[in-house]
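The values are calculated or read from the model by the stated rules, or taken from the named source; none is laboratory data. A quick note: this is a predicted structure, and the numbers were derived from the prediction, not measured. With ideal geometry, Cβ positions are generated from the backbone for all residues, glycine too; neighbour counts draw on all protein chains shown.
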Amino acid sequence: MVELKAKDIAVIGLLSASITIGKLALSLVPNVEIVSLLFIVYTIVFGVKHSIIISIIFSTTEIFIYGLSTWLLGYYFIWPMLIFITHIVKKTVKDEYGYATIAGLFGLFFGVFFAIVESFFYGYAYGLTYWIRGIPFDILHGVSNFIIVLILFNPITKIMIYVYEGFNS
């Protein structure tokens with residue numbers, strides 16, 4: 001069982017809200033998002049435990065906003081995967097270029113991950129069609145993730161470290 005203090009709960013709530021707000025703010029631009037960036041930064045600064053809880057809250061909030069759908073169920077799988085990937089590589093990746101590459105590849109393969117989820121519900125042919133139809137969006141997603149992380153990783157990480165230090169003092 002995960003034991004959380006009141007300040008943990010407050011910070012997790014604020015970080016969860018920031019991801020939801022960030023996604024909604026960019027929702028008019030297809031496949032351009034800051035969710036990947038924020039999960040990468042949160043994992044580096046606040047750790048896996050907090051980030052996994054944030055991903056569960058974010059995914060659940062998405063269901064309240066958009067309704068229950070198979071693609072939203074994939075969020076419970078895909079965001080923790082990014083968190084674990086970030087956690088595993090954080091000892092070797094030391095700059096924004098490494099994290100931009102991870103985010104870019106993650107965006108590029110986003111459709112593949114969801115095609116797997118869709119295949120469980122609708123069959124292999126549907127999953128393959130889902131993935132092929134979305135390739136242009138995956139390319140845009142990968143490129144935009146790379147650029148967003150490259151530009152915003154350092155400033156947001158500095159802000160989050162400042163928040164974390166205040167959180168732990």
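Before we move on, is Leu105 farther than 30 Å from Tyr122 by Cβ, in contact (Cβ under 8 Å) with a residue 24 or more places away in the chain and assigned to a helix (DSSP H, G or I)?
Criteria not met by Leu105.
Quickly run through the range 116-153 and pick out the residues that are of a type outside the set (A, V, I, L, M, F, W, C), surrounded by 14 or more Cβ atoms within 10 Å (Cβ to Cβ) and in a helix (DSSP H, G or I).
Glu118, Ser119, Gly127, Thr129, Tyr130, Asp138, His141, Gly142, Ser144, Asn145 - these are the residues of the range 116-153 that are of a type outside the set (A, V, I, L, M, F, W, C), surrounded by 14 or more Cβ atoms within 10 Å (Cβ to Cβ) and in a helix (DSSP H, G or I).
In contact with a Gly (Cβ under 8 Å, 6 or more places away or on another chain), closer than 22 Å to Phe167 by Cβ, of a type in the set (Val, Ile, Thr) and part of a helix (DSSP H, G or I), is that true of Ile52?
no
Taking the conditions exactly as written (in contact with a Pro (Cβ under 8 Å, 6 or more places away or on another chain) and buried (at least 16 other Cβ atoms within 10 Å of the Cβ)), does Ile52 satisfy them or not?
The answer is yes for Ile52.
Give Leu105, Leu140 a once-over and let me know the one that is more than 25 Å from Leu15 (Cβ to Cβ) and either of a type in the set (Gly, Ala, Ser) or out of contact with any Lys or Arg (no Cβ under 6 Å at 6 or more places or on another chain) (or both).
The unique qualifying residue is Leu140.
If I ask for residues that are more than 14 Å from the chain's Cα centre (by Cα) and among the acidic types (Asp, Glu), which ones from the range 1-52 would you list?
Within the range 1-52, Glu3, Asp8 meet the criteria.
Can Ala100 be described as touching a residue at least 40 places away in the same chain (Cβ under 8 Å), of a type in the set (A, V, I, L, M, F, W, C) and out of contact with any strand residue (DSSP E or B) (no Cβ under 7 Å at 6 or more places or on another chain)?
Spelling it out, Ala100 is indeed touching a residue at least 40 places away in the same chain (Cβ under 8 Å), of a type in the set (A, V, I, L, M, F, W, C) and out of contact with any strand residue (DSSP E or B) (no Cβ under 7 Å at 6 or more places or on another chain).
For the range 94-108, indicate whether the set of residues that are in contact with an Asp or Glu (Cβ under 6 Å, 6 or more places away or on another chain) and either at pLDDT 95 or above or more than 16 Å from Val41 (Cβ to Cβ) (or both) is non-empty. Even if it seems obvious, please write down each step before you answer.
Going through the range 94-108, the residues in contact with an Asp or Glu (Cβ under 6 Å, 6 or more places away or on another chain) turn out to be 108.
With the extra rule that they be either at pLDDT 95 or above or more than 16 Å from Val41 (Cβ to Cβ) (or both), the set shrinks to 108.
Yes, the range 94-108 contains a residue that is in contact with an Asp or Glu (Cβ under 6 Å, 6 or more places away or on another chain) and either at pLDDT 95 or above or more than 16 Å from Val41 (Cβ to Cβ) (or both).
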